[in-house]
Structures are given as structure tokens and as C-alpha cells.
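Since every read-out is calculated from the coordinates, none of them should be taken as a lab result. Predicted, not measured: the structure shown is a model, and the values here were computed from it. All Cβ positions, glycine included, derive from the backbone under ideal geometry; neighbour counts span all protein chains shown.
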Amino acid sequence: MHHGEERRKEHRLPITLHLEVSHLFRQDYNVIKDLSADLSVMNISKSGIGFESETSLPVNYYFNGKIELGEKRFFYAVLKIVRKSKDDCENYIYGAEFIGLAPFLAEKIEQYEKEILLSVEHPE
């Protein structure tokens, strides 16, 4: 155990974002189609997202997502579900990591982090 040490490679940033997943896929071409899973994204970092859903999704599957970081700033990414647990309200809590995120897209997340820090330090 790490005794309370931060194990994450990147800072998690709060975000309010809704995604809808219509299909999941794996590298072995196994595809789950016709899903209608609503995801509520809770946080984002350069390595991935944390989200919750009422839908049970399998770990080690991939999905395509449109990540919106504010007005007119978004990018599309492939995410892999790497963690799954349940909360007290019977919702599923997931961790998903970005797959092959281009450096310029990671920079968009860094810029988002700077904006959040600025708004905390200098609220309007």
C-alpha cells in the first residue's frame, strides 16, 4: 500500500461532461453494439477520465468519446475502461484511460487545468 501517497501520474480536474456510448469494442474485434449508456464524467486528466453510469460496462473495452473542455473546445478520443466499482447508490464508477492521445490534445487538457487554477485563485 502507498499509505496515502498520490499514485496518479496526472492531476485530476473536475469537469461536468455527458457522454453517450453506443458501442464498445475490444482489440479482438469483439463488439458490443446498440448500447445507450449515459456517462457522467466527473474528472479528467491527461491520462484519462473518471465517470459514473447506471449501466454496467465491461472492463478492458474501448469506446469513442467527444471530450468538451468548454465553449468550442473539444476533441475526439479513444478510451479504454480500466476500472469499475459500485457506489452507495448502486451506480457504477469507472476509470478510463486515453489511448494514443496526441501531444497537442494533452496540451488542451493542460490549458484547461491552468484555467481552473486561475479561476480558483482569482474568482470573479
Item to check | Percent RCO, i.e. relative contact order, over the stretch 58-102, from Cα pairs under 8 Å lying at least 6 residues apart | outcome: 33 percent
Item to check | Computed [θ] at 222 nm, deg cm²/dmol, the chain (DSSP H ≥ 4; -39,500 (n - 2.57); rounded to nearest 500) | outcome: -5000 deg cm²/dmol
Item to check | Positive-end extreme of charge dipole, the chain - chosen from 17, 81, 43 (charges on Cβ) | outcome: 81
Checklist outcome for this item: Subtracting the Cα-Cα distance of residue 104 and residue 10 from 0.36 nm times their residue separation yields 32.2 nm
Checklist entry - In the stretch 13-121, what is the count of Lys pairs whose alpha carbons are under 22 Å apart, counting only pairs at least 8 residues apart or on separate chains? => result 16
Checklist entry - Name the trypsin sites (Lys or Arg not before Pro) in the stretch 52-97 that are in a loop by DSSP and that have at most 12 other C-beta atoms within 10 Å, would you? => result 72, 73
Checklist entry - Given labels modelled 7 Å from the Cα in the Cβ direction, how far is it in nm from residue 68 to residue 54? => result 2.1 nm
Next on the checklist: Need one number: nm distance between label points at residue 78 and residue 28, each 7 Å from Cα along Cα→Cβ, rounded to one decimal.
Outcome noted: 1.8 nm
Checklist entry - About its Cα centre, how strong a charge dipole does the chain have in debye, to the nearest 20, once Lys and Arg get +1 and Asp and Glu get -1 at the Cβ? => result 520 debye
Checklist entry - How far is helix 103-121 tilted off the main Cα axis of the chain, in degrees rounded to 10, range 0 to 90? => result 50 degrees
